[in-house]
Amino acid sequence: MKVSAPSRETEDARAIEESLRFPERFAVLYDRYFPDIHRYVAGRLGTQTADDLTAEVFLAAFRGRDGFDPARGTARGWLYGIATNLVAHHRGQEARHLRALRRVSADDGIDAGHEELVAGRLTAAGVRGPLATALEAMPESDRDVLLLLALADLSYEEIAHALGVPTGTVGSRLNRVRKKLRAALGGVNPLIGASDG
């Protein structure tokens, strides 16, 4: 009889639990998720802030690891929740980043952050300005849901865990965001790049 390997979620939960007695075990999560969390934070706030803030995410997770409950969700979702909360403390920086991108042409070679990644999923040309404007005007709760999906590629359940909201709320927020982005981008569906007309 073949025994299956434990899932990543099981390994993560075990590492967190073991880290309560053996703190060095927390390094498993750091090694596994640092690049992804860093990419998410850099996408939200730019690369200059990402190094320090990502380190803060893991420090906060390490300090709060005794509160992690695998019955409530995955370690991945938990870490993105911490990252999103820390990003919330830097909303002014994110807004400045979006305003700057609105003024930059699509051909300029700057570090564009999260709107660049979202725009990369679109096939329509020249959407950077309108997309940055739409993201900046969006309520923070809607922007968080969108960017956890677009930048972190989290499932609805992981987004719900990260933000501490029901899964149905994630779905309704994404539906609202899609409609707003579609309108802001002239009828282009922001997830598939096709015109709705």
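The values are calculated or read from the model by the stated rules, or taken from the named source; none is laboratory data. Every value quoted in this text rests on a predicted model; they were computed, and no experiment measured them. Methodologically, a virtual Cβ is constructed for each residue, glycine included, from the backbone with ideal geometry; neighbour enumeration extends over all protein chains shown. Heavy atoms of the whole protein, side chains included, go into the accessibility calculation; ligands, DNA and RNA do not. Shrake-Rupley method; radii C 1.70, N 1.55, O 1.52, S 1.80 Å.
Show me, for the stretch 66-74, the HN-Hα J-couplings you get by feeding each phi into the Karplus relation (A = 6.51, B = -1.76, C = 1.60, θ = phi - 60°), rounded to Hz, glycine and proline as x. Karplus values, whole Hz, x for Gly and Pro: 5, x, 5, 10, x, 6, 8, x, 7.
Annotation: HIS89 carries an accessible surface of approximately 150 Å², with a 1.4 Å probe and no ligand, DNA or RNA atoms counted.
Which residues in the stretch 5-29 place their backbone N less than 19 Å from a point set 7 Å from the Cα of ALA71 along the Cα-to-Cβ direction? Taking a point 7 Å out along Cα→Cβ of ALA71, the residues of the stretch 5-29 whose backbone N falls under 19 Å are 9-18. Among residues other than THR74 with Cβ under 15 Å from its Cβ, the summed charge is -3 (Lys and Arg +1, Asp and Glu -1).
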